[in-house]
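K.L.:
Got a structure here, written out as structure tokens. Questions coming.
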Amino acid sequence: MHLSRYWGIIFYRTLAGIKAESRQNYLGYFWYVLEPLISAAIFYFALSRVMQRGGPEYVLFLLIGLTSWQWYEGSCLQAATAIKSKVHILLHFDLPKFIFPLVSVLVSTWKFLWIFLVIVGVSWAFGHPPGWHYLYLPLILGCELLLIVSLALPLAVATSYVNDTLTVAASCFRISYFVSGIFFDSSKVPASLLGAFYLNPMAGILESLRDVLLENHAPNLHALLYGALLSCGLLLAGLYLSFFVNRRILKHVGL
Amino acid sequence: MSASDPPPLISVRHVGLAYANPLARFTFGRDRRIHALRDVSFDVREGDKLGIIGRNGCGKSTLMRILARVYDADTGTVEFSRQVHIQMLSLGVGFEGSLTGRENAVLNGMLLGKTRTHMLERIESIKAFSELRDFFEMPVATYSSGMVLRLGFSVAMETEPDVLLIDEVLGVGDAAFAEKSRQAIIERFSAHGTIIMISHDPTIIAALCNRSVWIDQGRTMADGPPAEVSAAYLKAVHGG
């Protein structure tokens, strides 16, 4: 009974988050498609025409990396403040603390799915039509979603206790941004550093997305499996932590 | 209490709770926490209308949050004799401005512990009680504060908890709705359900409750019939 109630709350809150975000702008949901299209056009103009650094292929390569990273980093950092920002609700109802970070991730995910559809369309337009390897896409995106959720929960708990966690996490994401393979692929990484490169699960996820969308071949399943196992471990730890602090955490939030 | 009496529905024993002090991060072993509750004990029996009385800052709201299972007590115990659905009367808390009154009624009911199906079955009576008419299908962001309270109250009245926790709220909204909501609460007090109400006004406690507990500086000072407890409380307040 509790689980169905919690899923109901998550569903309605996600719906509210999506509606609220679209109503903030005059063009509403249209921005979901327009924003990545504008980004693609800017990259194309800046990289292909102005800087003469690679053609449409590199633009697509970058677009896949940047948008997937934005989903990952944006979701985690927004979810990190989800418990603090909803403390006025949590002080009135006995609710598990994973609900609001999860809602925050789902709202970002809904937006990303639209962006991803645009990327698929742009890839097709630049000579990469969908192939049977597209069947791997739900698996890859599922792995990234699992990674996001597994990081979001402990981050939200830690930020509720110590606000400085958010600044530390943002710095870690910034460092990771430059070494996850957004701007380069694994062939540019020295052989001696490849092991360390793949320790970051986002490296395997970004590479897998490009394998399917640009190269039309199967993703790096070993890297995905490693990321999924790491995420499952983090998720279990995060859930344990969340249940452990469930009725203690609000005494510290907002102080 | 005789040996044949059923066990209390809620048993609160020596409960204490302290908040972290934001101005004392480095305490060097000293206890700089803010003690909201130090030693509170009382029982709540099935059907009790219990009034908790005390001055502002005596720990009443903290106690409510412990009873609503928002906080665990730092010390002492709170035991329930069975699975109990406890609900704080929180009007309009958790409403989402972008959702309609109908959607918010379902969402708020789920926050209060009910399923979506339960809320959908009662949605028309919530609409009727709230008297929001066509506004019920409009986003809550378009409501006045009085309309938000109407919707919140109407939802709360349809959730039927085992124990209702009321924090100083009796009537809400404009004059007509305030009277209607006050009557609805008073009806709750005359029904079989268990109610715990906090207030700093002894006349309200004396009028509505069959038992009263007085809390001062986080400690139970008196527990008994409302008239006696209120008299002791008033004597202390007026320095008698």
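K.L.:
What residue, among those in region A:90-109 that are away from chain B (no Cβ under 14 Å) and not β-branched (Val, Ile, Thr), is nearest to the chain's Cα centre (by Cα)? Please lay out each step first, then the result.
P.N.:
Step one: of region A:90-109, the residues away from chain B (no Cβ under 14 Å) are A:98, A:101-102, A:105-106, A:108-109.
Adding the requirement that they be not β-branched (Val, Ile, Thr) leaves A:98, A:101-102, A:106, A:108.
Values: A:Phe98: 17, A:Pro101: 13, A:Leu102: 12, A:Leu106: 10, A:Ser108: 8 Å.
Here the residue is A:Ser108.
K.L.:
Restricting attention to region B:69-85, does a residue exist that is within 9 Å of chain A (Cβ to nearest Cβ), modelled with pLDDT of 90 or more, crowded, with 22+ Cβ neighbours inside 10 Å and in a loop (DSSP other than H, G, I, E, B)?
P.N.:
Yes, region B:69-85 contains a residue that is within 9 Å of chain A (Cβ to nearest Cβ), modelled with pLDDT of 90 or more, crowded, with 22+ Cβ neighbours inside 10 Å and in a loop (DSSP other than H, G, I, E, B).
K.L.:
Here is a follow-up. What number of residues within region A:171-216 satisfy the criterion of being over 19 Å from A:Ile140 (Cα atoms) and touching a helix residue (DSSP H, G or I) at 6+ places or on another chain (Cβ under 6 Å)?
P.N.:
Qualifying residue count, region A:171-216: 2.
K.L.:
When you check B:Thr115 against the structure, is it modelled with pLDDT under 90, assigned by TED's automatic domain parsing to the domain that holds B:Val140 and closer than 21 Å to A:Arg13 by Cα, yes or no?
P.N.:
Yes: the conditions hold for B:Thr115.
K.L.:
Same structure, new question: Is there a residue in region B:75-95 that is within 28 Å of A:Phe11 (Cα to Cα) and among the acidic types (Asp, Glu)?
P.N.:
Step one: filter region B:75-95 for residues within 28 Å of A:Phe11 (Cα to Cα), giving B:83-95.
Narrowing further to those that are among the acidic types (Asp, Glu): none.
Checked against the condition, which is being within 28 Å of A:Phe11 (Cα to Cα) and among the acidic types (Asp, Glu), region B:75-95 yields no hits at all.
K.L.:
OK, next. Considering only region A:29-77, how many residues are among the aromatic types (Phe, Trp, Tyr) and part of a loop (DSSP other than H, G, I, E, B)?
P.N.:
Residues in region A:29-77 being among the aromatic types (Phe, Trp, Tyr) and part of a loop (DSSP other than H, G, I, E, B): 1 in total.
K.L.:
Considering only residues that are in a loop (DSSP other than H, G, I, E, B) and within 17 Å of B:Arg150 (Cα to Cα), look in region B:99-133 and name the one that is farthest from the other protein chains (Cβ to nearest Cβ).
P.N.:
B:Glu131
K.L.:
Then there's this: If A:Phe30 passes every condition in (1) buried (at least 20 other Cβ atoms within 10 Å of the Cβ); (2) more than 14 Å from chain B (Cβ to nearest Cβ); (3) aromatic (Phe, Trp, Tyr) but one, which one does it miss?
P.N.:
Here A:Phe30 clears every test but (1).
K.L.:
Quick one: which residue in A:Ser180, A:Ser192 is of a type in the set (S, T, N, Q) and within 18 Å of A:Trp71 (Cα to Cα)?
P.N.:
Exactly one residue qualifies, and that residue is A:Ser180.
K.L.:
Between a first residue in region A:207-224 that is within 20 Å of A:Leu194 (Cα to Cα) and a second residue that is part of a loop (DSSP other than H, G, I, E, B) and at pLDDT below 90, which pairs have beta carbons less than 6 Å apart while being 6 or more apart in sequence or on different chains?
P.N.:
Partner pairs satisfying both residue conditions: A:Glu207/A:Asn220; A:Ser208/A:Asn220; A:Asp211/A:His217.
K.L.:
Yes or no: B:Lys49 under 14 Å from B:Ile196 (Cα atoms) and either at the interface with chain A (Cβ under 7 Å from one of its Cβ atoms) or modelled with pLDDT under 95 (or both)? Step through it out loud before you land on a result.
P.N.:
Numbers: under 14 Å from B:Ile196 (Cα atoms): yes; either at the interface with chain A (Cβ under 7 Å from one of its Cβ atoms) or modelled with pLDDT under 95 (or both): yes.
When the stated conditions are applied, B:Lys49 passes them.
K.L.:
Take B:Leu165 and tell me if it is within 20 Å of the chain's Cα centre (by Cα) and crowded, with 20+ Cβ neighbours inside 10 Å.
P.N.:
yes
K.L.:
Applying the selection to region B:134-143, what residues are within 14 Å of another protein chain (Cβ to nearest Cβ), touching a residue at least 24 places away in the same chain (Cβ under 8 Å) and part of a helix (DSSP H, G or I)?
P.N.:
B:Val140, B:Ala141
K.L.:
Select, from A:Gln52, A:Gln24, the only residue that is under 30 Å from B:Arg102 (Cα atoms) and more than 8 Å from chain B (Cβ to nearest Cβ).
P.N.:
A:Gln24
Conditions (1) more than 16 Å from the chain's Cα centre (by Cα); (2) within 26 Å of A:His2 (Cβ to Cβ), marked per residue:
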site: B:Pro6; (1), (2): yes, no
site: B:Ile10; (1), (2): no, yes
site: B:Ile53; (1), (2): no, no
site: B:Asn56; (1), (2): no, no
site: B:Thr77; (1), (2): yes, yes
site: B:Arg82; (1), (2): yes, yes
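K.L.:
Being crowded, with 22+ Cβ neighbours inside 10 Å, farther than 23 Å from A:Lys19 by Cα, in contact with a helix residue (DSSP H, G or I) (Cβ under 9 Å, 6 or more places away or on another chain) and within 14 Å of another protein chain (Cβ to nearest Cβ), is that true of even one residue in region A:73-89?
P.N.:
no
The values are calculated or read from the model by the stated rules, or taken from the named source; none is laboratory data. Just so it is clear, the model here is predicted, and its values are computed rather than measured. Cβ: placed from backbone, ideal geometry, glycine included. Neighbour counts: every protein chain shown.
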